[in-house]
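Trainee: Right, I'll just put the structure down here and ask away after.
Computed from the coordinates by the stated procedures, all read-outs in this text should not be read as laboratory data. Remember, predicted model here, so these are calculated numbers, not experimental data. Reconstructed Cβ throughout: ideal geometry from the backbone, glycine too, with neighbour counts over all protein chains shown.
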Amino acid sequence: MRGIAPLVGQSVSHVIIRHPTLRWPIPSHLVETLPHARLNRLTRRAKYILAAFNNAEGVHIGTLILHLGMSGRICLLAQDEAAAKHDHFDIHFADCQVLRLRDPRRFGAVLWSDGHEGVADHPLMKTLGPEPLEPDFTGEYLYRQLRNKTAAIKIAIMDSHLVVGVGNIYASESLFRARINPKTPANKVNKAKCDLLVAEIKATLASAIEAGGSSLRDFFGADGNPGYFQQTYFVYGRTDEPCRECGAPISQIKQGQRSTFYCAECQR
DNA sequence: AACGAGACCTGGCAGC
DNA sequence: TGCTGCCAGGTCTCGT
């Protein structure tokens with residue numbers, strides 16, 4: 001979202017939909033709706049980028065909802081250039097800048113929320129849990145939410161209805177930092193550990209944001225440059241490598257069909 | 001209500 | 001060189 005901030009205030013000239021079938025179909029009416037509209041504000045909720053547009057008279061007309069899925073990337077081009085294989089969606093602006101969505105796996109989404117109801121009322125936003133970095137995400141809140149859950153704690157903190165933003169990498173990393181075994185039934189995590197886990201989720205995400213996001217094969221910032229340090233993880237992707245704390249080999253298991261990494265010595 | 005599995009889709013890589 | 005099988009950042013939907 002920060003990468004496309006230079007587009008705020010710009011007017012749309014035209015929209016190109018090349019491959020409309022992402023996770024959900026890209027609304028075809030965007031081709032008529034967006035031209036002449038002005039990008040008024042960029043915000044974020046969970047992993048959705050929200051782009052609010054005004055019409056030429058300055059009246060709010062609706063909000064574009066963008067999600068990058070697993071492999072999505074937003075490119076901000078200074079001017080038009082030839083589209084590549086997985087470039088599915090463009091917004092061309094009057095000053096010749098182009099916002100381009102590239103997403104090989106097409107798990108991402110481009111949706112539209114009408115101006116008549118706030119984007120917060122969109123079905124996908126309605127059921128989301130709190131933002132992890134906001135003050136309402138507390139140990140007390142987490143502890144209460146876990147009371148009736150028998151699923152593993154790692155599965156629980158990745159549930160966006162409980163808290164948003166904790167993906168597969170940072171779930172493993174946060175649990176290591178809190179010294180909690182990812183297999184622990186959620187309702188067996190005590191209040192003190194919930195306090196610690198919330199603090200470590202906040203610290204893990206905050207430092208990842210500081211580093212500019214995770215350096216992954218097909219993710220780059222909007223300008224196309226990684227522009228940040230390669231992050232070093234405590235456990236993620238470090239199967240059989242020595243724990244940075246105790247030297248024991250890092251374990252890899254499957255939970256909910258996703259890989260989990262942890263240190264069996266440090267995380268009891 | 002909560003849980004687990006399946007679904008969506010492409011590309012990269014290891015092994016044969 | 002080519003094939004097969006497995007892996008990958010997310011999260012909705014469905015059956016139990």
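Trainee: Could you tell me the relative contact order of the stretch A:62-187? Use alpha-carbon pairs under 8 Å, at least six residues apart, and round to a whole percent.
Mentor: Details: 182 pairs, mean separation 27.5, N = 126.
22 percent.
Trainee: OK, next. For the residue pair A:Lys188 and A:Ala84, what label-to-label distance in nm results when each label sits 7 Å from Cα along the Cα-to-beta-carbon direction?
Mentor: 4.6
Trainee: Continuing with this model, one more query. Calculate, for A:Thr21 and A:Arg44, the FRET efficiency according to 1/(1 + (r/R0)^6) with r their C-beta to C-beta distance and R0 25 Å; round to the nearest 0.05.
Mentor: The formula returns an efficiency of 0.50 here.
Trainee: Hey, what number do you get for chain A at 222 nm if only DSSP H runs of n ≥ 4 count, each worth -39500 (n - 2.57), divided across all residues, to the nearest 500?
Mentor: Helix-only estimate at 222 nm: -5500 deg cm²/dmol.
Trainee: Let me ask something else about it. Which value, to two decimals, describes the C-alpha radius of gyration of the stretch A:123-195 once divided by 2.2 N^0.38 Å? Don't skip to the end; give the middle numbers.
Mentor: Numbers: Rg = 11.5 Å, N = 73, 2.2 N^0.38 = 11.2 Å.
Expressed relative to 2.2 N^0.38 Å, the Cα Rg reads 1.02.
Trainee: Give the order of A:Lys254, A:Lys193 when sorted by the count of other beta carbons within 10 angstrom, beginning with the fewest.
Mentor: With the sparsest Cβ surroundings first, the list reads A:Lys254, A:Lys193.
Trainee: If you don't mind, there's one more thing I want to ask. Specify which residue in the list A:Trp24, A:Ala56, A:His161 is farthest towards the positive end of the charge dipole of chain A, using unit charges on the beta carbon of Lys, Arg (+1) and Asp, Glu (-1), about the Cα centre.
Mentor: Among A:Trp24, A:Ala56, A:His161, the one farthest towards the positive end of the dipole of chain A is A:His161.
Trainee: Something else: Volume per residue, Å³, of the convex hull around the alpha-carbon atoms of the stretch A:63-199?
Mentor: Dividing the Cα hull volume of the stretch A:63-199 by its residues yields 146 Å³.
Trainee: Then there is this: Cα-based Rg (one decimal) and Dmax (whole number) for chain A, in Å?
Mentor: Taking only Cα atoms of chain A, I get Rg and Dmax of 20.4, 63 Å.
Trainee: Moving to a separate point now. Among A:Ser174, A:Leu133, A:Ala248, whose Cα projects farthest towards the positive end of the dipole of chain A, with charges put on the beta-carbon of Lys, Arg (+1) and Asp, Glu (-1)?
Mentor: Working it through, the farthest residue towards the positive pole turns out to be A:Ala248.
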